[in-house]
Each structure stands twice: as C-alpha cells, then as structure tokens.
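The values are calculated or read from the model by the stated rules, or taken from the named source; none is laboratory data. Bear in mind that the values here come from a model prediction, so they are computed numbers and not experimental data. Methodologically, a virtual Cβ is constructed for each residue, glycine included, from the backbone with ideal geometry; neighbour enumeration extends over all protein chains shown. Protein only, heavy atoms only, side chains kept; ligands, DNA and RNA dropped before computing areas. Shrake-Rupley method; radii C 1.70, N 1.55, O 1.52, S 1.80 Å.
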Amino acid sequence: MYTHDGEDVFVIDGHVHLWDASEANVAHEGGEQFIQCFYDYHTAFTPEEEQWDMETYRKYGTEKMVDDLFRDGHVDMAIFQPTYLSDFYEEGFNTTEQNAELAEEYPERFVLNGSFDPRDGEEGLAYLEELDETYDLQGVKLYTAEWRGDSKGWRLDSEESFEFLQKCVDLGIENVHPHKGPTIRPLNKDAFDVGDVDDAATSFPELNFVVEHVGLPRLDDFCWIAAQEPNVYGGLAVAAPMAQNRPRKFGEIMGELLYWLGEDRILFGSDYALWEPDWLVPTVMEAELTPDQRDEYGVELTTEVKKKFMGENAAELYDIDIEAKKAQFEDDAISREFDLGGQYADSAAD
C-alpha cells in the first residue's frame, strides 16, 4: 500500500486498459493515427526517464501490466475501461473480452467494466445483456466519438442511447463512464462534448455518471452540470498527469472540482498505459494548491481528501469493502507473487 504522511492510502486506479495497437492489428489509418496521438500524450506528460519506446507502447501485454500496476505502481485494485474502436483495429483496441483475460485471472484485484454503442441497436442490447450475464458488470465505459461506418459519433442524450441506459438500469449496471475529454486523432472534438451528460443524468437518477477526464478542455461546462446533478462524478484520468509538469493547472482543476463537486465525487485514474502509476501516484499525492488557489476556492488538498479520490470514492461506487480487501490481500495471488502481504497485515493491525 502507498503511504503518505504516515497514513496508508488504498489506491483504486479507476481507469486502466489492456490494449493492442500492434501494426498487425491496425485495420484503418485511423488506428495508426490514434496510437500515435496516444503516444504524443504519453511523451508530453511523462518524465523523460519514465517514457516507453513505441514498440512497447503498442502492445505491452499482461505480465508488464501486472508488474506496472501492482508490483511497482502502488495500486491495490484497478478498474478496466474498454475502448473498442472496432473500425480501426482488426480485433478491437481494448475490448471487454480482452480485459477479461486479466480480470478473470486476478478477480480480487480487477473490476471489469463493459461497454455499449447505441448504433448497434437490438444486437447491441443483446450484447450488453450477454456481457452482463458473463461478467456480472457493475459499470460500462462509453466512447461517444468512436467511428462506426459513416458515423463519426453519437450522443448520450439520444433516444437510442436512452434505450441502452434503461437496459443498464434493468440489469443493475449502476456506473456509466462516458469519455468526455481531449480528442484523440482522428476523432472529432465535438463528439466528446460533455453537454449530453446533463439530460442523461437527469433522466436516469438511478445511475452514476463518472465523466472521464472531467470534460477537459470543457471543465467549466462539466462543473456546472455536476453541480446540479448529484449523480455526476469526475474521473481524473488525463487531469492527473498535469500534476507532473503543469502543477498550477492541476491545482486549478482540483480547486474547481472540490469547490463544485466536493471531495466525495472525484475518482483517480492513471489511464494506464498512457501513464504509469509508479510515478503518477506519488506525484498526485504530493500535489498542493497554491496559497492563492486555497484562498480563491476555500478548499485544501489534505491527506484525507486525497485518500477519498485515490480509492475510497471508487470503493463506494463499486461496493468494495476496503478493510475486507486488505485482509484478503494479505495472502492473495498478487501479494504472494510480489511479497506484498506484510504491508496489508501491518495496515490491518494499525
């Protein structure tokens, strides 16, 4: 477990992927543009000594992922967020089934989310139900800018989308994670606009809408929506690495989120493998607001606040009993493999 100022911090990385962007899997020039753009984000916001080479970045595999998250990365649990991009990649970029390879090997460590695309109609509804029957889903990741044939995106507040959100309600899938953040080439920026979250959240109060990337670059729009919709949460993937080389900007983002949403509706995510938690977790945990930001927003980035968004808030949404998990992790497969059991035993004793 990560320790900060003498306190144990249970880290749930709320946004990870197991992707395949190998050249053999690229089916469309958009697939190559996509992974090259991802790599640009990686190099722009990663310390130089932590940067990967492009070959590793394309397809890093399960063993490296487990090492990077649990052996080296301070992560206790992680939530898979699939991104299919089936028009760009022969076997998909990062599908539920691909992520399930690790989630089923280490079920105590991973939460496996599914996905849906309302353009798939009845077939898509049947697929969502099949995913739920197979994996007992608690959440879905939605990619509203994904290309599908001649279509270059869809809206969360459309009639077709509402059918799928109602299916989530019927199936008991409570957590909806729409990507509402920076554009990745060649996708369209406007297809990631956060505005369609508003009506969806109002219409489905039974669901929790975790807006990934907190709407960046439309942070103000997101905060105004979240302020009026108590079932809207903010996912820090993409925002988090700004703590590394844009610390003032990170402080501004956190100040806005804490002012408008409060400390209970923010979730950490590394966006692995865009960024690795081994350096990102300590960077975020050491981040502070400037005196001017503390005065303006009237909030503090205390250890207790950080413990909430680093793991406790995700645990609340996904019904994770942190104390029970600590006891389990004293002797689970990951702890045995990496000799981690003692830290969980020490934490439980405290």
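List the helices (runs of 4 or more DSSP H) that sit entirely inside segment 223-339 and contain at least 2 residues that are open to solvent by less than 30 Å² (accessible area, probe 1.4 Å) and small (Gly, Ala, Ser).
Fully inside segment 223-339 and qualifying: 247-260, 313-317.
Filter segment 206-222 down to residues that are touching a residue at least 40 places away in the same chain (Cβ under 8 Å), touching a helix residue (DSSP H, G or I) at 6+ places or on another chain (Cβ under 9 Å) and not in a helix (DSSP H, G or I) and give me whichever is surrounded by the most Cβ atoms within 10 Å (Cβ to Cβ).
If we take residues in segment 206-222 being touching a residue at least 40 places away in the same chain (Cβ under 8 Å), touching a helix residue (DSSP H, G or I) at 6+ places or on another chain (Cβ under 9 Å) and not in a helix (DSSP H, G or I), then 210 is surrounded by the most Cβ atoms within 10 Å (Cβ to Cβ).
Condition check ((1) over 20 Å from the mean Cα position of the chain (by Cα); (2) buried (at least 16 other Cβ atoms within 10 Å of the Cβ); (3) more than 23 Å from residue 311 (Cβ to Cβ); (4) modelled with pLDDT of 95 or more) across all residues:
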{"site": "107", "(1), (2), (3), (4)": "no, no, no, yes"}
{"site": "189", "(1), (2), (3), (4)": "no, no, yes, no"}
{"site": "196", "(1), (2), (3), (4)": "no, yes, yes, yes"}
{"site": "204", "(1), (2), (3), (4)": "yes, yes, yes, yes"}
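Mind checking which residues of segment 169-205 are assigned to a helix (DSSP H, G or I), touching a helix residue (DSSP H, G or I) at 6+ places or on another chain (Cβ under 8 Å) and farther than 29 Å from residue 134 by Cβ?
194, 195, 198
How many residues, within segment 23-62, are hydroxyl-bearing (Ser, Thr, Tyr) and open to solvent by less than 30 Å² (accessible area, probe 1.4 Å)?
Let us first name the residues in segment 23-62 that are hydroxyl-bearing (Ser, Thr, Tyr), namely 39, 41, 43, 46, 56-57, 60, 62.
Then keep just the ones that are open to solvent by less than 30 Å² (accessible area, probe 1.4 Å); that gives 46, 57, 60.
Of the residues in segment 23-62, 3 are hydroxyl-bearing (Ser, Thr, Tyr) and open to solvent by less than 30 Å² (accessible area, probe 1.4 Å).
When residues of segment 288-318 are filtered for being out of contact with any Gly (no Cβ under 7 Å at 6 or more places or on another chain), touching a residue at least 24 places away in the same chain (Cβ under 8 Å) and not charged (D, E, K, R), how many remain?
So the answer is 11.
Got at least one residue in segment 120-142 being of a type in the set (Val, Ile, Thr) and surrounded by fewer than 18 Cβ atoms within 10 Å (Cβ to Cβ)?
yes
For segment 38-58, enumerate the residues that are touching a residue at least 40 places away in the same chain (Cβ under 8 Å) and farther than 20 Å from residue 236 by Cβ.
Across segment 38-58, the qualifying residues are 52, 57.
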